[in-house]
Each structure stands twice: as C-alpha cells, then as structure tokens.
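Participant: Before anything else, here's the structure in question.
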Amino acid sequence: MHDSDGGMWKDYLSGYIKNNRSSGLSVKLAAFISALLLSLLLGLFYNAWKYEVERIELEEGAWQGQIVGELALADIETIKNFANVKDVVISEKERGETTADIYFEDYEKVLSDMPRIAEQIGVSPEKVVINYPLLAMYLIRSEGDSAPRLLFPMFILITVLASFSLIVIIHNSFAVSMNARIHQFGIFSSVGATPKQIRTCLLQEAAALCTGPVLLGNLIGIAGSMGLTQLINMLGNDVSGRHKAVFGYHPLVLALTLFITMVTIWISAWLPAEKLSRLTPLEAIRNTGELQLKRRKNSYLLTLLFGVEGELAGNALKAQRKALRTASLSLIFSFMAYTIMQCFFATSEISTRETYFERYQDAWDIMVTVKDVQVDNFDKGKEIQSLAGVESAVVYQKAMAGRIISEKEISEEMKALGGFSHASEKYVTKVDDGWLVNAPIIILDDNSFSDYCEQIGITPRFDGAIVRNLIRDVTNPDFRHLKFMPYIKTCNAGEQDVSVLFKKDDQALPNTKEQSINEKVSARIPVLSYTQEVPVLREEYATLDYYELVHFIPVSLWKEIKEQIGGMEEDMYIRVLGEENVTLEELNALQDQISQIMGETYTLDVENRIQEYRDNKKQIQGMKMIFGGFCMLLAVIGIGNVFSNTLGFVQQRKREFARYMSVGLTPKGIRKMFCVEALAIALRPVLITLPLAVIIVGYMLKMSYLGVEEFMAEAPFAPIAVFMLSILGFIALAYYFAWRNVRRISLAQVLRDDTMM
C-alpha cells in the first residue's frame, strides 16, 4: 500500500475502472441524467427570464424610471446631467403633459435616484413612475411594489427540489458501486490505508466516472433547452400578442449549472463513501460481496401467484432492495408525476372548455378592448355593426356604483335562504335603511340597448335601466350546477320602480329618514324592467360578489348621470358575434376590417375566440410535452439502474444460481424467476401510484365539481398505459440480457470457487 492517495489511485482505482466498465454504468448514467436535467432546467429558466424581460420592454418600455408632467427644457437638461442617468427620451401626451423616459447605468440605484431627480426639478412624487416589473427581473424590489413576482422564487424552489430529488435517487447508484468492493477495501484498510485515503479514492473514482457524463449532459441540456425554445415558438406561433422567443445562453448559466451539478453529485457520492470509510477492517473483510438473500418474511403474494419461483424472486428482490432503491424511487416518482400531470391537464381541459369556450361560443367571436376610451365619446360603433359577416356587435363599458336594498325589497325566496346573513362585509355593508350592495353598471350603445329591450319584450326607452334580478343559492358551493332565484320583489302592474344609486366611494350614506336619502343620492334612475335575461356579452356576473345588483343602461342615459355616478373603468369593449359556422379565416378577415376602421387613433387589444381555443390547446400540449419529457428523463434514471444492476449482478449472484441448479431448479425455472422479478419491479410504481392518483384525482374532481362519468369519458388512459408499458418493456429487456448471461454459467466452475462456503 502506498502512502499517498495518488499511489492508491494509480495502483488500484484506474485499473479497476478500466477492467470493470459495466460496474460504473449506473453511476455514469446517473451523473449524465443529473447534468442533463439541471442544464435543461437552468437553460429554460434563463430563456424564460430573457423572454419576460423582452415582453416587459415591449409592453411597458425599456425605461427604468419615468416622470409625467409639465416639464420645461431646463428640467429635461437637469435630468440628463444627473449622475447615473444614461439617456432620457421625451414624448408628448394628451392635455399638454410631457413624459420623460429615464434610462440608468446602474439599476440598483434607480429606487434612490428617482426621488432625488423629482426633488431637483420640483416634481411631486405622484408624477414619478418606476418600472417595477423590469427592476424585479434584476432582483431589485421596493416596498411600493405589491405584485408577487414569482419567477425567481419558483425557480429557486424548483431547483432545490430537483437537486434534492436527484441526491435521493442517484446516491444509491454510488452506494451500489462502492459497496460491491467492501471486501477489497477491507484488505487495503488492514494493510494501512486510512479512512481518509479510502474516502478520497472513492470520491476520485466518482469524479473520474462523472466528468465525461457531466460535460456531455450539459451540452445535451443546452441543446435540449434550445430545442424546447423552438418547440414553444412553434406551438405559440399563432398566439396573439406573443413575440417570438430568441434562444440565448449566458456563460454564468453554464457556470451555475456546473456548480449545482457538481455539488449534487459530490453529496450523492460523499454519503456512501463516508459510510464505507467508517467500516472496520474486520467488517469489511468479512463482506464477500455476495447478495445476502432473505430466508424469512417470504413474499406470500408472489409465492401464491408464481409458486417456488415467485418465492425465490421475492427473496432476491429483498436482498437487492438497496441496489434497486434508485430504480424504485425514480420509477415511482416518474410514473406518479406523469399520471397526476395527465389527469390534471385532462380535468383542466374539460373545465376550461365547459366554463369558457363552450359557454361563450354563441356569445362572442371577436373581443376588442379599446384602451383609455369612454363609450360616450366613441363614434365607430355603427360602422362596425354594419360590416358584412357581423351578426351583432355591442359597444359597452363598465362602471361601479352602490345601491341600498331594504328589507321589504328582498324576494321571499331569498329571505327563505337567510337574506343577507351569509354576505361578507367585504361586499355588503349594513346601513340604517337596509344593506348597501355593489351595483355594477353595464353601459350599452343605444342600438344594442334597444335590441336588448326587444329581447326581454319591453318597449325600447333610453331614460331608464334594466336590472338583472337574479341571485344564486349562496348556500350551495357547486359553481357548475347553480340554482338561481329572484333577488328583488317586482312592482305591481302599473307601478314605476326607481333605482337609487350612490357613488361607490361616497362615505356619507343616508339614514332612515326619507328626506336624507333624497339629499344624498347620486342618481335616481327609473327601472324599465327586472329581468332574468342578460344581453349577449362575454361577461360573468356575481362570481365573487354574489350580492351585486347589475344595471344595464343606454349610453344616452349615462351621458346625463356620469358626473353624479363616476366610477367608470378606463377601457371600453366591443363584442362581435360573427355569422353561424364562421371559420378562423373569416374571423381573421373581420378582425382586420375592425382594425382598419379603428385606425391608429385607438390602442386595441383584440381576441379571436377560435384562435384562443387553438392557442389554449397548443399551450396545453406544449406543457404536456415539457413535463412529460422531465418524467421520462426521471424514468431513464431508474431504467438505467435496472440495466446496470442486472448486467452486473450475474457475478454477484452466481453462487445463488449454482445452489438453485444443484437442487434441481432448471434454466426454465430461473427464467421464470427473472420474469417475476421484472414484473414486480415494473408493477411496484403502478401499485403505489394508482391509489394515490385516485385520491388526488377525486380531490380535483371535488374541487372543480366535475362528474366522475364526465372525467372517465376523457380520462388519459392511453398515454398512462403507454408510459407504464414502456417501463415494463425496458425492464423486461434488461432481465432478458441478464438471462442470456446466466445461461452461460458453469455449475462445476462455480462449485470450485474458493470463496464458496
């Protein structure tokens, strides 16, 4: 035994690796998959980060700070001469305001420099705008930024979980390789090798085995992230509003990937090496490397199903449980993740289709959001409504007001369910005269309001409101099978009801005296009708606030009351419904015509229902492919462990097979034993996953109120079965190779082995 670690490496380890290439196959494969997964993960994250930065710069701007106000030339020069300011871009806005987009050299000083710039030019803090989304992408956060910004936290969490999972899985590959030579290291220890020398040599062996696979895995991971980026571009090629992702890779990403990979592999190798180095020479020498087969706790199920061969297979699996731990964990995790992923996407697709696309397929084909425009100033509605191929088009905007509901106005059906007793204080406020509820106002163009009046069977008028007189059974949480009832008592024939609306932010609520109500109202609007029918719009009502009372009014009336009510949203909407059986090409042509009518005066955000549906399916398929690929890579670790174990266990198990043959077990019996072992390894993930999957899917169905029969009709049985059969096929192939080697065993040669006791 040499004194130095280098001598031990030269005399033993290098020769061992050259002469026992198959023994390190599992370690090499584990290192390769580890490097591949981590490289792929970090490459995808970097490109997701890069894409998000590009998206923010395209949508919000690449500036880091912005000042909006009446800026003089001297103010602009002051900003340009400020230290750390790289550039200033000036643009004019409406109402004579000037916008200064400020670009900085050092992003970390933006939060401190912007208030100082505003102070120097005498601008109030309210005029200062900071591009929080962009700064957050560079890990610069402020207390004024309330958004969650989950990209980095999610990446850190996923990376830590991935690294921990890889350590749990692949350290067993190192343990199997190292434990196979306990007897040899016991001899080294008896002639003077120290635990430190043994541990160092084992880690050097791990480094020698893993260097090539790690480098190869990183290169393939980079290529894989490039390929996935191109795949995402292909799947999202037609997604509206999405820009093309350009693949990028920073040297720091490679350095971080190599560092995390080396730490992961070092921990995986150090755990068994440390344990092995602590064995005493006597313990190590007594270990012959033979599998210690269990003679107790027989596998009764395998014995019952397959007889003696089943019992022997069960004992062999118990003896190999540590060697096969990597395979068991990775196959269980991969099959469980794949099954749950497929079931989750199946329930999600059903839910999205039913609650969105099928629900609104007869309500809208094109939705146009017109930014920063008021509906009473919009004059393009009639032109859009008269386009060829347009069955109907509604121009509308939303506002928010409040209304008091008195006890005598509540319907008997609603009273029977407790009235407002179930209402949250977040949405409903108890006042002297009753309850103050939210009263959303949908402002329709006059033509659409007239059509709505005819839809519900009343004479069109433009001096009043139509009130949605519906409330759901708030005691029933099932949002798929809702039960509705009248909200307000309707007036007797010949009587005229009036809706008294308040500004939403008006804190001066009336008391019980009638004259005080007259003093405090913002608007008194005649109610033309209480109805259960709503206009055909892509809108949902009372989804979060079950007690809101929706008012539909014409734009003519809104012009008269908007100063009293206020609360109008900034954007306006145009809902367009095409002709029956309209095609995507026809909708695209119609969308182009609408854009031409609107010209460059308006800022538009256009959605196409058919295109949205196709985009949604593409995105789901893309996510399935990405997550499925990770599950497959995880399964490869387990399958690789099975291959390395079966190809290398013939030498370890030759005495076991010799004993069986000496007492009359035929080669056919050993083949059956192998088949049982392969079947047990392949079915273990299935038997563990299926009960858990049933529980998890049951919980998902309960949360989404989706029927079991409905899910079963579209359950992803085929892909799950293909994944399961693939695992079974590869494991069967591994045991076939093992059986082919076992047939070459010579009973006489094994019985002459001097290690046999």
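The values are calculated or read from the model by the stated rules, or taken from the named source; none is laboratory data. It should be emphasised that the depicted structure is a prediction, and the values quoted were computed from it without experimental measurement. So basically every Cβ, Gly included, is an ideal-geometry build from the backbone, and we count neighbours across all protein chains shown. What goes into the accessible areas is simple: the full protein's heavy atoms, side chains included, and nothing from ligands, DNA or RNA. Shrake-Rupley method; radii C 1.70, N 1.55, O 1.52, S 1.80 Å.
Participant: Below 17 Å, Cα to Cα, which aspartates and glutamates can residue 426 reach? Residues fewer than 8 away in the same chain don't count.
Facilitator: The reachable aspartates and glutamates, counting only those whose Cα sits under 17 Å from residue 426, are 505, 506, 545, 548.
Participant: While we're here: At a 1.4 Å probe radius, which order do 631, 675 fall into by accessible area, largest first?
Facilitator: From most exposed to least exposed: 675, 631.
Participant: For segment 63-137, go through all pairs of different Cα atoms, get the mean of 1/r, take its inverse, and jot down that Kirkwood value in Å.
Facilitator: Every distinct Cα pair counted, the radius reaches 12.3 Å.
Participant: Run the accessible area of segment 545-610 with a 1.4 Å probe and give the carbon-and-sulfur part as a rounded percent.
Facilitator: That share works out to 38 percent.
Participant: For segment 310-405, give the percent of accessible area contributed by carbon and sulfur heavy atoms, probe 1.4 Å, rounded to a whole number.
Facilitator: That fraction is 49 percent.
Participant: Please report, to two decimal places, log10 I(q)/I(0) for segment 393-498 at q = 0.12, 0.13, 0.19 Å⁻¹ as given by the Debye formula with identical point scatterers on the Cα atoms and no solvent.
Facilitator: Ignoring solvent entirely, the Cα scatterers give -0.53, -0.62, -1.19.
Participant: Oh, and also: With a 1.4 Å probe and all protein chains kept in place, how much accessible area does residue 414 have, in Å² rounded to the nearest 10?
Facilitator: We get 10 Å² for residue 414.
Participant: Let me ask another. Need one value: the accessible area of residue 689 in square angstrom, 1.4 angstrom probe, rounded to the nearest 10.
Facilitator: Per-residue accessible area (residue 689): approximately 0 Å².
Participant: With every protein chain left in place, what is the accessible area of residue 305 in Å² (1.4 Å probe, nearest 10)?
Facilitator: 110 Å²
Participant: From the protein chains alone at 1.4 Å, what is the descending order of accessible area for 278, 242, largest first?
Facilitator: Ranking 278, 242 by accessible area, largest first, yields 278, 242.
Participant: Counting Lys and Arg as +1 and Asp and Glu as -1, each charge on the Cβ, what is the dipole of segment 336-480 about the Cα centre in debye, to the nearest 20?
Facilitator: Approximately 400 debye in magnitude.
Participant: Please work out the Cα convex hull volume for segment 632-741 and give it in Å³ per residue.
Facilitator: Convex hull of Cα atoms, per residue: 123 Å³.
Participant: While we're looking at this one, here's another question. Pairs 371/398; 50/624; 489/562; 380/559; 244/618; 483/617: which are spaced more than 19 Å apart, C-alpha to C-alpha?
Facilitator: As for pairs spanning more than 19 Å Cα to Cα, those are 50/624; 489/562; 483/617.
Participant: Students sometimes get this wrong: rank 50, 275, 489 by accessible area, probe 1.4 Å, all chains present, largest first.
Facilitator: 275, 489, 50
Participant: Can you give me the Cα centroid spacing of segment 405-474 and segment 536-589 in angstrom?
Facilitator: 16 Å
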